[in-house]
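See below for the structure under consideration.
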Amino acid sequence: MSTLALAARPVQRLGTARAIGLAGILLGLISCWVALPPIHARGFGWPLIFGILALAAGIVSITRGGGRAGWGAIAAAFIGMSLGIASTQSGVGNLDLVFAWAVLLSATLRYATPLAFAAMGGLFSERSGVVNIGLEGMMLMGAFWGFWGTDRFNNWMLGLLVAMIAGALLALVHAFFCINLQADQIVVGTGINFLALGITGYAFVDIYGAQGSPTDVPSVGSPSLHFLSHIPNISIGPVEFGGGFLNAVFGDLSYMIWLSFILLILTYIVLFRTSIGLRIRAVGEHPRAADTVGINVFAIRYGAVILSGALAALGGAYLSVADVGLFDQNLTGGRGFIAIAAIIFGNWRPFGAYAACLLFGFSSALGDRLPAYFAEGSATPLLFQTLPYVLTLIAVAGVIGRSIPPASIGRPYRRQ
């Protein structure tokens, strides 16, 4: 047997172990799903069977070097079994009320969209080597100035443009301190967040006063996709899927949600399929080597940070212009920090970060619907509304595997 074939064996073995781990994660999810609508398995046997299979897959994956995927399967097994068995003890009516999947998925996309804009923006900055803790402040600037621009010009597209300019200007301040003055990027980002809180708070009171923001500003529309309802339904046992479901999920989504889908694809193409993306990644990994071959490290980092501010501001503007239709102080409520956690969750890659945004969005959507499950006046559902922030702590702590950031992230570059 050739040396090349012998060297390929460990790689193949690792790929098989990872595939087994991913299959275990899927089985863990199924162990919970079988007890939920529309299947409604009422005995705890099915969740237990799928959970044990997931646990076995996780153990096999770990013993073969699957690592992160194997441990994920074990975690999915225990969580899936626990939730599945708990769901079998609940009433069918309550479960149908909470787990209306079309409504949940539509709400997930709405909650994930502002996070996705900020996360895609943060990716550009952090891939270039500049930590952008100031995403929260840039989102807040976009939320206020986007609302103000929409109100002032009576046009939501001009409002979004104003939001992007405001976010870019704040990002320019961040870039100047981090790149030229070589200040600590975490401290600067924290200061940027407080600066945005002060600017938007003062401007809000100065412009709108005690009466608060108006409620009649133009809102971002949505394309009508109700033709989806004409797609025939397909039934597989108790599971029915088709036009009605697709129409309920995608029929009335905002233009900005569709824009976030486009941004996801463009971010991947720019970062990993273009020369400018190669330059951004080069200055984030080895800035001195990039400088040696003629790449202007400072210009690339400036551009990446300013772009991150403009995109994060779009996420904030989505909240005030497309979602709630008004502005209130600290409207973003920490979503910029969740976007940073999504970047870490996604290992600094666009699709991974977007998947994390969907996870955070789903937890928020589920937290909104859980009050229907509990008795009126119960405080228990409030605990579930903290789930996105708990997931943020898990991501930052590195519990879900070890994420590998760009090699020179957070390090100011000094030209010699």
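Restricting the stretch 373-404 to residues that are open to solvent by less than 50 Å² (accessible area, probe 1.4 Å) and of a type outside the set (Val, Ile, Thr) leaves a set whose member that is modelled with the lowest pLDDT is GLY398.
Pairs, please: C-beta under 7 Å, at least 6 apart or cross-chain, first residue without any contact (Cβ under 8 Å) to a residue 24 or more places away in the chain and more than 25 Å from GLY277 (Cα to Cα) and in the stretch 340-367, second outside any helix (DSSP H, G or I) and open to solvent by 40 Å² or more (accessible area, probe 1.4 Å)? Within 7 Å, the pairs are GLY367/GLN385.
Once the stretch 160-206 is narrowed to residues that are closer than 18 Å to TRP145 by Cα and among the polar types (S, T, N, Q), the residue that is farthest from the chain's Cα centre (by Cα) is THR200.
Is it fair to say LEU158 is touching a residue at least 24 places away in the same chain (Cβ under 8 Å), surrounded by fewer than 16 Cβ atoms within 10 Å (Cβ to Cβ) and over 26 Å from ALA355 (Cα atoms)? For LEU158, the condition - touching a residue at least 24 places away in the same chain (Cβ under 8 Å), surrounded by fewer than 16 Cβ atoms within 10 Å (Cβ to Cβ) and over 26 Å from ALA355 (Cα atoms) - is not met.
Screening GLY45 with (1) over 27 Å from PHE261 (Cβ atoms); (2) at pLDDT 90 or above gives one miss only, at (2). Selection within the stretch 85-101: residues that are assigned to a helix (DSSP H, G or I) and open to solvent by less than 20 Å² (accessible area, probe 1.4 Å). The member of this set that is nearest to CYS32 (Cα to Cα) is SER87.
Please enumerate the residues belonging to the stretch 255-300 that are in contact with a Leu (Cβ under 8 Å, 6 or more places away or on another chain) and either among the hydroxyl-bearing types (Ser, Thr, Tyr) or open to solvent by 80 Å² or more (accessible area, probe 1.4 Å) (or both). Passing the criteria: only THR267.
Scan the stretch 219-234 and give yes if some residue there is open to solvent by less than 30 Å² (accessible area, probe 1.4 Å), assigned to a loop (DSSP other than H, G, I, E, B), hydrophobic (A, V, I, L, M, F, W, C) and in contact (Cβ under 8 Å) with a residue 24 or more places away in the chain, otherwise no. Within the stretch 219-234, one or more residues are open to solvent by less than 30 Å² (accessible area, probe 1.4 Å), assigned to a loop (DSSP other than H, G, I, E, B), hydrophobic (A, V, I, L, M, F, W, C) and in contact (Cβ under 8 Å) with a residue 24 or more places away in the chain. Residues in the stretch 310-345 that are more than 12 Å from ALA118 (Cα to Cα), touching a Gly at 6+ places or on another chain (Cβ under 6 Å) and open to solvent by 10 Å² or more (accessible area, probe 1.4 Å): GLN329 alone.
Residue under question is GLY309, and the condition is that it be touching a Ser or Thr at 6+ places or on another chain (Cβ under 7 Å), closer than 18 Å to GLY121 by Cα and among the small types (Gly, Ala, Ser); does it hold?
Working: touching a Ser or Thr at 6+ places or on another chain (Cβ under 7 Å): no; closer than 18 Å to GLY121 by Cα: yes; among the small types (Gly, Ala, Ser): yes.
Answer is no for this residue.
All of GLY251, GLY201, GLY242, GLY146 fail the test of being open to solvent by less than 20 Å² (accessible area, probe 1.4 Å), out of contact with any Lys or Arg (no Cβ under 8 Å at 6 or more places or on another chain) and at pLDDT 95 or above, apart from GLY146.
Cβ-Cβ contacts under 8 Å between residues 6 or more apart (or on different chains), taken from a first residue in the stretch 166-184 that is under 13 Å from ALA312 (Cα atoms) to a second residue that is assigned to a loop (DSSP other than H, G, I, E, B), are listed as LEU170/GLY134; ALA171/ASN132; ALA171/GLY134.
So that you can scan it fast, the table gives a plain yes or no per residue for (1) surrounded by 22 or more Cβ atoms within 10 Å (Cβ to Cβ); (2) under 15 Å from ARG18 (Cα atoms); (3) of a type in the set (Val, Ile, Thr); (4) in contact with a Pro (Cβ under 9 Å, 6 or more places away or on another chain):
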residue	(1), (2), (3), (4)
ALA54	yes, yes, no, no
ILE59	no, yes, yes, no
GLY65	no, yes, no, yes
GLY70	yes, yes, no, no
PHE78	no, no, no, no
LEU83	no, no, no, yes
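The values are calculated or read from the model by the stated rules, or taken from the named source; none is laboratory data. Note that the structure is a prediction, hence the values are computed from the model and not measured. Methodologically, a virtual Cβ is constructed for each residue, glycine included, from the backbone with ideal geometry; neighbour enumeration extends over all protein chains shown. Please note that ligands, DNA and RNA were not included when accessible areas were found on the heavy atoms of the full protein model with its side chains. Shrake-Rupley method; radii C 1.70, N 1.55, O 1.52, S 1.80 Å.
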